[in-house]
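I'd like to ask some things about the structure below.
The values are calculated or read from the model by the stated rules, or taken from the named source; none is laboratory data. Everything quoted here is computed from the prediction, not taken from an experiment. Cβ coordinates were reconstructed from backbone atoms using ideal geometry, including for glycine residues, and neighbour counts include every protein chain displayed.
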Amino acid sequence: MGNPAPPLTPVATPLPEYTRNQLALRNGQDREEIWVAYKGHIYDMTHSRLWRFGKHYQHWSGQDLTAELKDAPHTEKVFERFFPIGKLVD
């Protein structure tokens with residue numbers, strides 16, 4: 001009956017790249033999306049109840065929060081709950 005097909009292996013799709021200006025528009029005000037960046041990756045927080053209206057305590061969406069994490073009451077492990085949707089490029 002012939003040889004069986006080889007098993008399928010997942011193919012990693014490169015993440016789309018976004019500039020800081022594109023990220024800034026995803027602040028829950030200018031556009032509905034609520035995005036933040038951390039360590040070069042962009043995360044979509046649109047459906048997180050903690051990011052309603054584009055603000056999470058003293059932090060605003062649409063920006064890179066890498067330097068601000070030291071002020072947060074949690075560690076970077078919080079980002080493990082979300083999948084990166086893009087890469088931040090200069």
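Would you check which residues across segment 56-65 are assigned to a loop (DSSP other than H, G, I, E, B), farther than 19 Å from Pro16 by Cβ and either modelled with pLDDT of 85 or more or aromatic (Phe, Trp, Tyr) (or both) and list them?
Scanning segment 56-65 gives Tyr57, Leu65.
When you look at Leu23, is it hydrophobic (A, V, I, L, M, F, W, C), in contact with a Phe, Trp or Tyr (Cβ under 9 Å, 6 or more places away or on another chain) and without any contact (Cβ under 8 Å) to a residue 12 or more places away in the chain, yes or no?
Values: hydrophobic (A, V, I, L, M, F, W, C): yes; in contact with a Phe, Trp or Tyr (Cβ under 9 Å, 6 or more places away or on another chain): yes; without any contact (Cβ under 8 Å) to a residue 12 or more places away in the chain: no.
No; evaluated as a whole, the condition is false for this residue.
Same structure again: Which of the residues that make up segment 24-82 are aliphatic (A, V, I, L, M) and touching a strand residue (DSSP E or B) at 6+ places or on another chain (Cβ under 6 Å)?
Within segment 24-82, Val36, Ala37, Ile42, Met45, Leu50, Leu65 meet the criteria.
For segment 11-55, which positions are surrounded by 16 or more Cβ atoms within 10 Å (Cβ to Cβ), part of a loop (DSSP other than H, G, I, E, B) and charged (D, E, K, R)?
Within segment 11-55, Arg26, Glu33 qualify.
When you scan segment 66-82, do you find a residue that is surrounded by 15 or more Cβ atoms within 10 Å (Cβ to Cβ), among the hydrophobic types (A, V, I, L, M, F, W, C), under 17 Å from Thr19 (Cα atoms) and in contact (Cβ under 8 Å) with a residue 24 or more places away in the chain, even just one?
No.
If Asn21 satisfies every condition in (1) at pLDDT below 95; (2) out of contact with any strand residue (DSSP E or B) (no Cβ under 7 Å at 6 or more places or on another chain) but one, which is the exception?
So Asn21 meets the others, but not (1).
Taking the stated definitions as given, is Glu17 touching an Asp or Glu at 6+ places or on another chain (Cβ under 7 Å), over 21 Å from Glu76 (Cβ atoms) and of a type outside the set (Phe, Trp, Tyr)?
no
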